[in-house]
Amino acid sequence: MATDAGTEIPRFPAGFLWGVSTSAHQIEGAAEQREPSVWDVFTAGPGRVRDGSTAAVACDHYHRYPEDVALLAGLDVDAYRFSVSWPRVNSAGGLDFYDRLVDELCAAGVRPVPTLFHWDLPAALDWLDRDTASRFADYVSVVADRLGDRVNKWITLNEPAEHTLLGHAIGAHAPGRRLLFDALPAAHHQLLAHGLAVRALRASGAGDIGIANSHGPVWPASKDPADVAAADLYDTLLNRLFAEPVLLGRYPEGMAGLMPEDAAEDLPVIAEPVDWYGVNYYAPSLVGAPEDGNGGYGGLELPAELPFSVREIEGRPVTGFGWPVVPEGLTELLTGFHDRYGDRLPPVVITENGCSYDGVDDQDRIAYLDAHIRAVHTALTAGVDVRGYFVWSLLDNFEWAEGYTRRFGLVHVDYPTLTRTPKSSYHWYRKVLRAQRG
């Protein structure tokens, strides 16, 4: 992979927030000490996870968190983005774990940045049910009341687009539904949950609140009007549908009719002002009109019934997951959002960016991160107010429907022994952060 990794990364502004991210279900384990989530139910079904695994143990972070916080401290990051498991908080003593984790982070000088929902919905709940949004706000209040004296940066939801598309529309993720466009009420109720959570956090005295939405440029496969229309629809579904209710207080044209009848009444809640806007970026998408075999999304095959197809981006290196490496797509995305939303776009934080590669001497990951950090800097110099960057992920972990077959971590995890080994990318990222402060 072409890289400028031998040259120093340009200096970011003072106060720029450098971090790494994880999520509860992917690393915590200790499944017997919490309520079941939709992912526990999903992974119990045959053939749903590539290697037949579950997250019952995962990285055993629940028991090994002091070791993992020591890795964070050794990495010299400013902040650690983790998620709070709603099913664990619902269980006796579950919130005590996050109390201990936050104390450990603060003692290590690492800023805790909790995400309040990262796909692990309690199994008894359903995002197709509007009441789940209110239940979420109640849970958020409980967490904020317990942790708010030490946590001063919050994320409401992670990637409602993926949770809707993969979990409710095509059935490849939990809860395993295949509703196609009838899945969109689940998107609306997640966005409503976000707005209610912002209000709940504010009521508890919390500030510095954002959401982590996944976004990427969408490129038409050709200039053919059918390809352009398909790409526009895909961009609406993956980008605008989740950004515009939050930023503009409205759904994109043509989408409101696919939402619940009372959706318009919820838009002022969804548009409750946030302090910053989180972007998870991995790659652009090349999209055209439907064809035989509609391609894949995130390595997962799309149903033939959908009115678009996702094509392969040729001439680019790919990650171990097969995703194209297009760092300039991150610049395009950020400058495009800046141009599209203007002063309605608050400061931006890159809440996830990373790649899957095998091996401990992971030079391809170093090249990937180097190029994407430079892409963020290019967007910043073009006028986009970017305030932070979080690598996905600290640890190799349970990668959802891929099980343990994909490794995104800066730290290698040997799953039979749970031994942690910092990779070359861990040491490289530490050097970058020290140089930024030098």
Under a Gaussian network model of the chain whose springs join Cα atoms within less than 10 Å, the largest fluctuation of Ser204, Ser21, Ser309 belongs to Ser204
For Val349, other-chain or 5+-apart residues with amide H closer than 5 Å (H placed, Pro excluded) are Tyr277, Gly278, Val279, Arg387
Dipole check, segment 220-331, charges on Cβ (K,R +1; D,E -1), about Cα centroid: among Leu241, Pro303, Tyr281 the Cα furthest to the positive pole belongs to Tyr281
Expected max-MSF residue from Lys153, Lys223, Lys423 in the GNM of the chain (alpha carbon, under 10 Å) is Lys223
Amide H proximity to Asn397 below 5 Å, modelled H, separation 5+ or other chain, gives Phe408, Gly409
In segment 1-116, taking the dipole from +1 charges on Lys and Arg beta carbons and -1 charges on Asp and Glu beta carbons about the Cα centre, the listed residue (Ala56, Thr43, Pro87) farthest towards the positive end is Thr43
Phi angles of segment 312-319, converted by Karplus (6.51 cos²θ - 1.76 cosθ + 1.60, θ = phi - 60°) into ³J(HN,Hα) in whole Hz with x for Gly and Pro, give 6, 8, 8, x, 10, x, 10, 6
Computed about the Cα centre, the charge dipole of segment 251-340 from +1 Lys/Arg and -1 Asp/Glu charges at the Cβ has a magnitude in debye, to the nearest 20, of 460
Per the helix-only model, the chain has a calculated mean residue ellipticity at 222 nm (DSSP H runs of ≥4, -39500 (n - 2.57) each, divided over all residues, rounded to the nearest 500) of -11000 deg cm²/dmol
Answer in debye to the nearest 20: the dipole magnitude of segment 132-231 about its Cα centre, from +1 Lys/Arg and -1 Asp/Glu charges placed on Cβ, is 240
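Pull out a ≥ b ≥ c, the square roots of the eigenvalues of the alpha-carbon gyration tensor of segment 230-348, then state rounded if a/c is under 1.5, prolate if not and a/b is larger than b/c, and oblate in the remaining case.
Oblate shape, in that a/c is at least 1.5 and b/c is the bigger or equal ratio.
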For the chain, the percent of all C-alpha pairs falling in each 20 Å bin, from 0 up to the bin holding the max distance, is 27, 63, 10
If one builds a Gaussian network model of the chain from Cα atoms under 10 Å apart, the most fluctuating residue listed among Thr22, Thr417, Thr156 is Thr417
If every Lys and Arg gets +1 and every Asp and Glu gets -1 at its Cβ, then about the Cα centre the chain yields a dipole, in debye to the nearest 20, of 1020
One point scatterer per Cα, no solvent, Debye formula: log10 I(q)/I(0) for segment 299-438 at q = 0.12, 0.22 Å⁻¹ comes out as -0.59, -1.34
Stretched fully, the stretch from Glu305 through Asp361 gains (0.36 nm per residue minus C-alpha distance, one decimal, in nm) 15.9 nm
For segment 161-171, Karplus-derived ³J(HN,Hα) couplings (6.51, -1.76, 1.60; θ = phi - 60°; whole Hz; x for glycine and proline) come out as 4, 5, 4, 6, 5, 6, x, 10, 8, 10, x
Taking the dipole of segment 333-438 about the Cα centre (Lys, Arg +1; Asp, Glu -1; charges at Cβ), the one of His412, His338, Asn397 that reaches farthest to the positive side is His338
Ignoring ligands and nucleic acids, His63 exposes an accessible area, probe 1.4 Å, in Å² to the nearest 10, of 100
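The values are calculated or read from the model by the stated rules, or taken from the named source; none is laboratory data. Not measured: the values here are computed from a predicted model. Here Cβ is always computed from backbone atoms with ideal geometry, including for glycine, and neighbour counts include all displayed protein chains. The accessibility values were calculated without ligands, DNA or RNA, using every heavy atom of the protein model including side chains. Shrake-Rupley method; radii C 1.70, N 1.55, O 1.52, S 1.80 Å.
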